[in-house]
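Data block below; observations after.
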Amino acid sequence: MSKSVSMSSSAGIKDLIQNSRLVFLLFYIDTGSPAYGVYEDISNALSVPNFISFAKVNVLEHNELGAEYQITKTPTFIYFNNGKLVEKVHGDDPRQLNSLVKKFQADAEKFIKDGGAKPGASSASNWLGAELPRGYGDVTSQIELQRCELLNVDSEAGGVRVLFEASKPSALSGGKGTSKDWVESDTDEQLMLFMPFQSVLKLHTLQITSLPPQDDDDDEAPMRPRTIKLFSNKPHNLGFDEAEDMAATQTIELSDKDWSAEGTANVPLRYVKFQNVTSLVMFIVDGDGDSEKVRLDRLRLIGEAGEKREMGKLEKIGDGAE
């Protein structure tokens, strides 16, 4: 899910600028522009709620905002630091955009390093299924959503991005949950999820939320996961047969006692085996019943974020500008 927020009013933009330390605005028309893709990558990598904010305005839908901010070309990027305009870049110029991105990224990382905010830190708007272990934070935001891959997923439920949404699962807000903000397996109970990271992570805990409907008479109702195999530092997703035969970094066996009353399992990881993690494959081998489907509502990764990895798309733009 994109970390940038679509804006529709002048008051909303001004409020964001006043209440966030760093703000990166995008005024655009074409979502297919390479520059738009770069902006989404940056927002996913650096966004910290209430501190480092990203917002975008479709000038075709809100031309009055384009006029107010004197947008003469699209895309246009505007950077605000502590309420003051730092730089404004017009048009789809790779050199100018790359320069602005590097300046914003340097300021954001300095702000984080100085203790102003922590990447992936939970805020009032971020739902967690369980308390954080002392000394560790929610590092789910370090997942590269564009490169995630989920195999054997039922297309009638939600996609892979819903697993990492910051919001409370709809099944906890309104009973059955009608917004499809969960995933289910398709042809059998197995799921295979590949998660690459933007930073090198130290992982401490995996939080898994699963909220299948409570209907004892429905044999087709999805199940909670039971056996889970984790594989660290794989360059790509695994095949099901391959994962069955491969030694896992850790194998998890969940039982009823592991799930909280609200449906979250707080799974401690073998910390020594998850010290320098650049990717994680999660293989759900089977569920806790006789159904042929498994359901997942949310996943949270708890730990520490280390050195940031290079974002491929930014590097390509930098190379192309020479």
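Quick rundown of the values:
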quantity: Residue within region 238-245 that is within 22 Å of the chain's Cα centre (by Cα) and touching a residue at least 40 places away in the same chain (Cβ under 8 Å) present; calculated: yes
quantity: Long-range neighbours under 7 Å by Cβ, at least six apart or interchain, first residue at positive phi and part of a loop (DSSP other than H, G, I, E, B) within region 261-274, second of a type in the set (A, V, I, L, M) and open to solvent by less than 90 Å² (accessible area, probe 1.4 Å); calculated: Gly263/Leu211
quantity: Residue list for region 252-277, restricted to those being open to solvent by less than 70 Å² (accessible area, probe 1.4 Å) and among the aliphatic types (A, V, I, L, M); calculated: Ile252, Leu254, Ala265, Val267, Leu269, Val277
quantity: Among (1) under 18 Å from Leu191 (Cβ atoms); (2) assigned to a strand (DSSP E or B) - the single one Asn237 does not satisfy; calculated: (2)
quantity: Candidates Ile71, Ile78, filtered to the one that is in contact with a Lys or Arg (Cβ under 6 Å, 6 or more places away or on another chain), aliphatic (A, V, I, L, M) and at pLDDT 90 or above; calculated: Ile78
quantity: In region 14-38, residue nearest to the chain's Cα centre (by Cα) [restricted to those that are farther than 14 Å from Glu61 by Cβ and among the hydrophobic types (A, V, I, L, M, F, W, C)]; calculated: Val38
quantity: Residue check, Ile29 modelled with pLDDT of 90 or more, farther than 29 Å from Gly306 by Cβ and of a type in the set (A, V, I, L, M, F, W, C); calculated: yes
quantity: Filter result (of a type outside the set (Asp, Glu), over 16 Å from Lys168 (Cα atoms) and modelled with pLDDT of 85 or more) within region 99-131; calculated: Ser99, Leu100, Val101, Lys102, Lys103, Phe104, Gln105, Ala106
quantity: Residue in region 84-98 that is under 21 Å from Gln198 (Cβ atoms) and buried (at least 17 other Cβ atoms within 10 Å of the Cβ) present; calculated: yes
quantity: Scan of region 206-251 for residues that are in contact with an Asp or Glu (Cβ under 8 Å, 6 or more places away or on another chain), surrounded by fewer than 21 Cβ atoms within 10 Å (Cβ to Cβ) and among the polar types (S, T, N, Q), ordered by number; calculated: Thr227
quantity: Of all residues in region 189-201 being open to solvent by 20 Å² or more (accessible area, probe 1.4 Å) and at pLDDT 95 or above, the one that is farthest from Gln250 (Cα to Cα); calculated: Glu189
quantity: Filtered residues of region 283-322 (kept if among the basic types (Lys, Arg) and modelled with pLDDT of 50 or more); calculated: Lys293, Arg295, Arg298, Arg300, Lys308, Arg309
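The values are calculated or read from the model by the stated rules, or taken from the named source; none is laboratory data. Just so you know, these numbers come straight off a predicted model, no measurement behind them. Don't worry about glycine lacking a Cβ; one is built from the backbone with ideal geometry, like all the others, and counts go over all protein chains shown. Side chains included, ligands, DNA and RNA excluded: accessible areas come from the protein's heavy atoms. Shrake-Rupley method; radii C 1.70, N 1.55, O 1.52, S 1.80 Å.
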